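*Asks:* Below you will find the structure I want to go over with you.
The values are calculated or read from the model by the stated rules, or taken from the named source; none is laboratory data. Since this is a predicted model, take the numbers as computed values, not measurements. Cβ placement follows ideal geometry from the backbone for every residue including glycine, while neighbour counts extend to all protein chains displayed.
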Amino acid sequence: MSSILPFDDVEFKVVTAEDSERLMQFLHVHYYREEPLTIGCPPPEPDAEDEAFLLSNVPHGTCLMALCGERIVGAAVAGPKMPDEAEHQFEEAARLTGTKWGRILGFLAIVERDANVFQRFNVPKALHLHALGVDATLRGRRIGERIVSALGSRGRELGYPVLTTDCTSVYSARLMERLNFQLLNTLPYTSYVDAAGVQLIKPPAPHEQVKTYVLRL
Ligand code: ACO
């Protein structure tokens, strides 16, 4: 992919280090404020470790911004994932015990382990979409769908055999189904509880579960 691809009136650009700050500003307004895991446990703001993790994907050339002129209208943060991903996430969650990002990672580790994409698809690596956000004033124009399609092309170009994602939102899950992603696993939020049986992450309706999807590239 060249650095900018035309797509109707929206262009897709591979995010560079110079774009990181404005990408994060966009994600704060149009992703974190609604993303079900983020709003499902206090405080409302993401942890700095969460933001740092998302931005750590930028050097891989696997994060895209959808631009309308200079304005960011959508973004996808994705990066490589290896077969030891679940193990790595469990370790990180243990290291970050007592923090919001640690709690979220603990859930994502279970999601990763249960989806088991590496064994089921016999692939050595995957491109994983961690975060997808569309400008809240521009929803329903299939911008998210177009970013995910562009990400699939980018992943194919970089030699990834599959694109995976954990849809924490009913809206992103519907979007993946329209793009013919295959459902690998579903995990209800009610299943993630502490030793006393108290639910650890409580997203608002209509979000009830995480659905993990895969697309062969
Ligand atoms: N709230 C209410 N309705 C919505 C929302 C929303 N958050 N998102 C989409 N819709 C509606 C649209 O209006 C549209 O309705 P229509 O068919 O009647 O026109 C329909 O759902 C389909 O919309 P799309 O065009 O497919 O979705 P869009 O590209 O606008 O945005 C996205 C989808 C990216 C998930 C968006 O909802 C968003 O940015 N949410 C906030 C962050 C988030 O939760 N991201 C997903 C987390 S999972 C992950 O990141 C892998």
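*Asks:* I'd like to know if the stretch 71-89 contains one or more residues that are farther than 23 Å from Gly155 by Cα and among the hydrophobic types (A, V, I, L, M, F, W, C).
*Replies:* We begin by selecting, within the stretch 71-89, every residue farther than 23 Å from Gly155 by Cα; these are 71, 87.
Going one step further and asking which of them are among the hydrophobic types (A, V, I, L, M, F, W, C), we end up with none.
No; the residues of the stretch 71-89 include none that is farther than 23 Å from Gly155 by Cα and among the hydrophobic types (A, V, I, L, M, F, W, C).
*Asks:* Now, a different point. Is it the case that some residue within the stretch 63-81 is surrounded by 15 or more Cβ atoms within 10 Å (Cβ to Cβ) and assigned to a helix (DSSP H, G or I)? Give the steps one after another, and end with the answer.
*Replies:* The initial filter retains those residues of the stretch 63-81 that are surrounded by 15 or more Cβ atoms within 10 Å (Cβ to Cβ), namely 63-68, 72-81.
Add one more test, that the residue is assigned to a helix (DSSP H, G or I), and what stays is none.
Scanning the stretch 63-81, I find no residue that is surrounded by 15 or more Cβ atoms within 10 Å (Cβ to Cβ) and assigned to a helix (DSSP H, G or I), so the answer is no.
*Asks:* Which residues, taken from the stretch 1-36, are part of a strand (DSSP E or B), among the β-branched types (Val, Ile, Thr) and modelled with pLDDT of 90 or more? Steps first, answer last, please.
*Replies:* First pass over the stretch 1-36, keeping only residues part of a strand (DSSP E or B): 4-7, 10-14.
Restricting the remaining residues to those that are among the β-branched types (Val, Ile, Thr) gives 4, 10, 14.
Listed by number, the residues that qualify are Val10, Val14.
*Asks:* Can Pro43 be described as assigned to a loop (DSSP other than H, G, I, E, B), modelled with pLDDT of 95 or more and either small (Gly, Ala, Ser) or over 29 Å from Val117 (Cα atoms) (or both)? Break it down into steps so the answer makes sense when it comes.
*Replies:* Numbers: assigned to a loop (DSSP other than H, G, I, E, B): yes; modelled with pLDDT of 95 or more: yes; either small (Gly, Ala, Ser) or over 29 Å from Val117 (Cα atoms) (or both): yes.
It is true that Pro43 is assigned to a loop (DSSP other than H, G, I, E, B), modelled with pLDDT of 95 or more and either small (Gly, Ala, Ser) or over 29 Å from Val117 (Cα atoms) (or both).
*Asks:* Still on this model: For Asp47, work out the one condition from (1) acidic (Asp, Glu); (2) surrounded by 17 or more Cβ atoms within 10 Å (Cβ to Cβ); (3) farther than 21 Å from Lys202 by Cα it doesn't fulfil.
*Replies:* (3)
*Asks:* Out of curiosity, is Ala86 buried (at least 16 other Cβ atoms within 10 Å of the Cβ) and in contact with a strand residue (DSSP E or B) (Cβ under 8 Å, 6 or more places away or on another chain)? It would help to see each step written out before you state the result.
*Replies:* Values: buried (at least 16 other Cβ atoms within 10 Å of the Cβ): yes; in contact with a strand residue (DSSP E or B) (Cβ under 8 Å, 6 or more places away or on another chain): no.
Judged against the criteria, Ala86 is not a match.
*Asks:* Another one. Inside the stretch 147-172, can you point out the residues that are within 8 Å of the ligand (Cβ to nearest atom) and surrounded by fewer than 22 Cβ atoms within 10 Å (Cβ to Cβ)?
*Replies:* Ser169, Tyr171 - these are the residues of the stretch 147-172 that are within 8 Å of the ligand (Cβ to nearest atom) and surrounded by fewer than 22 Cβ atoms within 10 Å (Cβ to Cβ).
*Asks:* For Gly140, which of the numbered conditions (1) surrounded by 15 or more Cβ atoms within 10 Å (Cβ to Cβ); (2) within 15 Å of the ligand (Cβ to nearest atom) fails to hold?
*Replies:* Exception for Gly140: condition (1).
*Asks:* Here's something else I'd like to know. Condition first: assigned to a loop (DSSP other than H, G, I, E, B) and among the β-branched types (Val, Ile, Thr). Now tell me which residues in the stretch 82-111 satisfy that. Don't jump to the end; show me each part of the working.
*Replies:* So in the stretch 82-111, the residues assigned to a loop (DSSP other than H, G, I, E, B) come out as 82-84, 96-99.
Within the stretch 82-111, Thr97, Thr99 meet the criteria.
*Asks:* Limited to the stretch 23-44, what total is found for residues that are within 15 Å of the ligand (Cβ to nearest atom) and either within 20 Å of Ile201 (Cα to Cα) or basic (Lys, Arg) (or both)?
*Replies:* Result for the stretch 23-44: 13.
*Asks:* Where residues in the stretch 100-137 are surrounded by fewer than 16 Cβ atoms within 10 Å (Cβ to Cβ) and within 12 Å of the ligand (Cβ to nearest atom), which of them is modelled with the highest pLDDT?
*Replies:* Taking the candidates together, the pick is Ala136.
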